[in-house]
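Trainee: Before I ask anything, here is the structure I am working with.
The values are calculated or read from the model by the stated rules, or taken from the named source; none is laboratory data. It should be emphasised that the depicted structure is a prediction, and the values quoted were computed from it without experimental measurement. Every residue, glycine as well, gets a Cβ built from its backbone with ideal geometry; the counts of neighbours run over all protein chains shown. Just so you know, the surface numbers come from the protein's heavy atoms only, side chains and all, with ligands and any DNA or RNA stripped out. Shrake-Rupley method; radii C 1.70, N 1.55, O 1.52, S 1.80 Å.
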Amino acid sequence: MPTIERLRSNFRGKLLESGDADYDVARRIHNGLIDKRPKIIAQCKGAADVVSALQLARELSLPVSVRGGGHHVAGRAVVEGGVMIDLSLARGVRVDPVARTAVVEGGATWADLNRATQEHGLATTGGVISSTGVAGLTLGGGLGWLMALHGMAVDNLVAAEIVTADGRILRTSATQHPDLFWAVRGGGGNFGVATSLTFKLHPIGQVLGGLVAHPLDRGGEMLRFYRSTTASAADELTLFAGLLHAPDGSGAKIGAMIGFHPDAEAGLRAVAPVKAFGPPIIDLMGPMPYEQLNSMLDGGFPKGALSYWKSSFLTTLTDEAIDTMVRAFRECPAPMGALLLEHFHGAVTRVKVADTAFPHRKRGYNLLIIAQWLDPAQSEESIAWAKRTYEAMRPFMAEGRYVNYLGDDEDGDGVSAANGANLARLREIKKSYDPTNLFRLNQNIRPG
């Protein structure tokens, strides 16, 4: 019996090949700029299916990609001519409200997790776009609204089930395969396929959230106000800021501050200066369910939009850096483009660099340059703008970079900057669990 047919006879999920009814839908990921055709898509329903799919790839000497949510801008969730391990059929979430934990399958999105946990008034740090996959975001670190209060997603991960390159199913935690558990908390998908993740949860219900917006002509003034406000922000207050296109479809360019506070009433007092500054031309900041806050930006990142990102941490947010951002955004040709600043402070900065593989623990700002558009004819100028803006901002950049924002053309120096002081240890662990670099279609850490 041919290898693929032998696998099909004992596979709980679906195996798709070119020409099958669902193949073209399954191979498409969030970034519409990516157009690859796997030889086979293995839609796995659990760890045993993943083991079988990896065995198939080894027998056929085919490259392997892993799709959790399929949201990563680099598009390495899908592979040309290889085996795509697709976890989208495995999206279960089990919540223990007494222990305040959640066990999440590898294909779940943050919308899946938030819906389940919010039924019990609980949540954990996880992204700002609800369609993002839980596994992919977490393995790379996992920033989100709760990070100043409770740390990154990796800081809330208490266990993970990992299928390794040799087909073992390992439960990892602080006491079980602790080296591997350390590595998957920030080292990305380099060490295996995460088929389930266990998180600790925190009481979160009605929160203060939303955005206030200002005309781009006042963008520099707004960013200076943002800088002074975040300089003394308490752990409870998370503020991001950005230069973006108005959400009404008009194409107008605006500056905005986006906020979170875990207590709706106290939050209104905390953001009173933010709401009063300007005053804003749009004020959508107020009490809302946490689940609503975590999906508020979804409309700005539709599936299928063509995307190209660049990012880096900044040393400081100087006046010159702010003025450079405003000038660059005035020239943005991408009709859905944006420049975003994500503030790192609080609990995320009180974890030691060596405690997890995720090394970025300093107070400051992460800059994200987003070129996003719908018309393929705009690809060249949109990508060129992102690259040009990155170069203009380079004088203000720190050494570190967030691995979840690295693009498809940013191996080498990008991977080194993303892993920082932890890279040498990650390479040694990679050598132990994936010496042949089977899991290389990612921001790759080569075996040491």
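Trainee: Right, Ala334: in contact with a Ser or Thr (Cβ under 6 Å, 6 or more places away or on another chain), open to solvent by less than 10 Å² (accessible area, probe 1.4 Å) and not acidic (Asp, Glu) or not? I'd like the intermediate steps shown before the answer.
Mentor: Working: in contact with a Ser or Thr (Cβ under 6 Å, 6 or more places away or on another chain): yes; open to solvent by less than 10 Å² (accessible area, probe 1.4 Å): yes; not acidic (Asp, Glu): yes.
Yes: the conditions hold for Ala334.
Trainee: Among the residues of region 140-175, which ones are under 15 Å from Thr198 (Cα atoms), in contact (Cβ under 8 Å) with a residue 60 or more places away in the chain and open to solvent by 10 Å² or more (accessible area, probe 1.4 Å)?
Mentor: Asp155, Glu161
Trainee: Here's another thing I want to ask about it. Of everything in region 176-194, what is among the polar types (S, T, N, Q) and surrounded by fewer than 24 Cβ atoms within 10 Å (Cβ to Cβ)? Give them in sequence order.
Mentor: The initial filter retains those residues of region 176-194 that are among the polar types (S, T, N, Q), namely 176, 190.
Scanning region 176-194 gives a single hit, Gln176.
Trainee: If I ask for residues that are within 21 Å of Gly299 (Cα to Cα) and over 20 Å from the mean Cα position of the chain (by Cα), which ones from region 339-382 would you list? Even if it seems obvious, please write down each step before you answer.
Mentor: Step one: of region 339-382, the residues within 21 Å of Gly299 (Cα to Cα) are 339-342, 367-376, 378-379, 382.
Leu374, Asp375, Pro376, Gln378, Ser379, Ser382 - these are the residues of region 339-382 that are within 21 Å of Gly299 (Cα to Cα) and over 20 Å from the mean Cα position of the chain (by Cα).
Trainee: Could you check region 418-448 and list, in sequence order, the residues that are among the aliphatic types (A, V, I, L, M) and free of Cβ contacts under 8 Å to residues at least 60 places away in the same chain? Walk me through how you get there before you give the answer.
Mentor: As a first pass, look at region 418-448 and keep what is among the aliphatic types (A, V, I, L, M): 418, 421, 423-424, 426, 429, 438, 441, 445.
Matches in region 418-448: Ala418, Leu423, Ala424.
Trainee: Restricting the search to region 158-173, which residues are touching a strand residue (DSSP E or B) at 6+ places or on another chain (Cβ under 6 Å) and hydrophobic (A, V, I, L, M, F, W, C)?
Mentor: Val158, Ala159, Ala160, Ile162, Val163, Ile169, Leu170
Trainee: Quick one: which residue in Arg401, Arg446 is under 22 Å from Val66 (Cβ atoms) and either small (Gly, Ala, Ser) or open to solvent by 60 Å² or more (accessible area, probe 1.4 Å) (or both)?
Mentor: Numbers: Arg401 fails: either small (Gly, Ala, Ser) or open to solvent by 60 Å² or more (accessible area, probe 1.4 Å) (or both).
Among Arg401, Arg446, only Arg446 is under 22 Å from Val66 (Cβ atoms) and either small (Gly, Ala, Ser) or open to solvent by 60 Å² or more (accessible area, probe 1.4 Å) (or both).
Trainee: Could I ask something else about it? What residue, among those in region 96-135 that are in contact with a His (Cβ under 9 Å, 6 or more places away or on another chain) and hydrophobic (A, V, I, L, M, F, W, C), is farthest from Phe301 (Cα to Cα)?
Mentor: The extreme case among them is Leu122.
Trainee: Related question: Tally the residues that are under 19 Å from Asp166 (Cβ atoms) and touching a strand residue (DSSP E or B) at 6+ places or on another chain (Cβ under 9 Å), restricting the search to region 413-444.
Mentor: Step one: of region 413-444, the residues under 19 Å from Asp166 (Cβ atoms) are 426-442, 444.
Imposing the further condition that a residue be touching a strand residue (DSSP E or B) at 6+ places or on another chain (Cβ under 9 Å) reduces the set to 433, 438-442.
Residues that pass the stated criteria total 6.
Trainee: Moving to a separate point now. Using the structure shown, decide if Phe277 is out of contact with any strand residue (DSSP E or B) (no Cβ under 7 Å at 6 or more places or on another chain) and either open to solvent by 30 Å² or more (accessible area, probe 1.4 Å) or aromatic (Phe, Trp, Tyr) (or both).
Mentor: Details: out of contact with any strand residue (DSSP E or B) (no Cβ under 7 Å at 6 or more places or on another chain): yes; either open to solvent by 30 Å² or more (accessible area, probe 1.4 Å) or aromatic (Phe, Trp, Tyr) (or both): yes.
Here the answer is yes, as Phe277 does meet what is asked.
Trainee: Could you tell me which numbered condition Gly209 fails, if it satisfies all but one of (1) assigned to a helix (DSSP H, G or I); (2) buried (at least 16 other Cβ atoms within 10 Å of the Cβ)?
Mentor: (1)
Trainee: Among the residues of region 338-345, is any outside any strand (DSSP E or B) and closer than 18 Å to Val128 by Cα?
Mentor: Filtering region 338-345 for residues outside any strand (DSSP E or B) gives 345.
Going one step further and asking which of them are closer than 18 Å to Val128 by Cα, we end up with 345.
Checking region 338-345: at least one residue is outside any strand (DSSP E or B) and closer than 18 Å to Val128 by Cα.
Trainee: Is it true that Ile41 is surrounded by 20 or more Cβ atoms within 10 Å (Cβ to Cβ), touching a residue at least 60 places away in the same chain (Cβ under 8 Å), part of a strand (DSSP E or B) and in contact with a strand residue (DSSP E or B) (Cβ under 7 Å, 6 or more places away or on another chain)? It would help to see each step written out before you state the result.
Mentor: Values: surrounded by 20 or more Cβ atoms within 10 Å (Cβ to Cβ): yes; touching a residue at least 60 places away in the same chain (Cβ under 8 Å): no; part of a strand (DSSP E or B): yes; in contact with a strand residue (DSSP E or B) (Cβ under 7 Å, 6 or more places away or on another chain): yes.
Criteria not met by Ile41.
Trainee: Does Asp20 satisfy the condition of being within 29 Å of the chain's Cα centre (by Cα) and either part of a loop (DSSP other than H, G, I, E, B) or modelled with pLDDT of 95 or more (or both)? Reasoning before the result, please.
Mentor: Details: within 29 Å of the chain's Cα centre (by Cα): no; either part of a loop (DSSP other than H, G, I, E, B) or modelled with pLDDT of 95 or more (or both): yes.
It is false that Asp20 is within 29 Å of the chain's Cα centre (by Cα) and either part of a loop (DSSP other than H, G, I, E, B) or modelled with pLDDT of 95 or more (or both).
Trainee: Say we look at region 264-276 and pick out the residues that are farther than 14 Å from Leu239 by Cα and either in a strand (DSSP E or B) or of a type outside the set (D, E, K, R) (or both); which of these is farthest from the chain's Cα centre (by Cα)?
Mentor: Residues of region 264-276 farther than 14 Å from Leu239 by Cα: 264-266, 269, 276.
Adding the requirement that they be either in a strand (DSSP E or B) or of a type outside the set (D, E, K, R) (or both) leaves 264, 266, 276.
Numbers: Ala264: 26, Ala266: 29, Ala276: 32 Å.
In this case the residue turns out to be Ala276.
Trainee: List, please: which pairs have Cβ atoms under 7 Å, are six or more places apart or on different chains, and start with a residue in region 323-342 that is more than 19 Å from Tyr405 (Cβ to Cβ) and end with one that is among the acidic types (Asp, Glu) and open to solvent by 10 Å² or more (accessible area, probe 1.4 Å)?
Mentor: What qualifies is Pro333/Glu381.
Trainee: Take the residues in region 280-331 that are over 22 Å from the mean Cα position of the chain (by Cα) and in a strand (DSSP E or B); name whichever of them is surrounded by the fewest Cβ atoms within 10 Å (Cβ to Cβ).
Mentor: Gly286
Trainee: Restricting attention to region 363-375, does a residue exist that is assigned to a helix (DSSP H, G or I) and either closer than 25 Å to Asn156 by Cβ or in contact (Cβ under 8 Å) with a residue 40 or more places away in the chain (or both)?
Mentor: Residues of region 363-375 that are assigned to a helix (DSSP H, G or I), as a first pass: none.
Scanning region 363-375, I find no residue that is assigned to a helix (DSSP H, G or I) and either closer than 25 Å to Asn156 by Cβ or in contact (Cβ under 8 Å) with a residue 40 or more places away in the chain (or both), so the answer is no.
Trainee: Could you identify the single residue in Ala48, Ala26 that is open to solvent by less than 30 Å² (accessible area, probe 1.4 Å), modelled with pLDDT of 95 or more and not charged (D, E, K, R)?
Mentor: Ala26
Trainee: Here's something else I'd like to know. Just to be sure before I move on: is Thr229 surrounded by 23 or more Cβ atoms within 10 Å (Cβ to Cβ), among the polar types (S, T, N, Q), within 28 Å of Ala371 (Cα to Cα) and in contact with a helix residue (DSSP H, G or I) (Cβ under 7 Å, 6 or more places away or on another chain) in the structure I sent?
Mentor: Numbers: surrounded by 23 or more Cβ atoms within 10 Å (Cβ to Cβ): no; among the polar types (S, T, N, Q): yes; within 28 Å of Ala371 (Cα to Cα): yes; in contact with a helix residue (DSSP H, G or I) (Cβ under 7 Å, 6 or more places away or on another chain): yes.
It is false that Thr229 is surrounded by 23 or more Cβ atoms within 10 Å (Cβ to Cβ), among the polar types (S, T, N, Q), within 28 Å of Ala371 (Cα to Cα) and in contact with a helix residue (DSSP H, G or I) (Cβ under 7 Å, 6 or more places away or on another chain).
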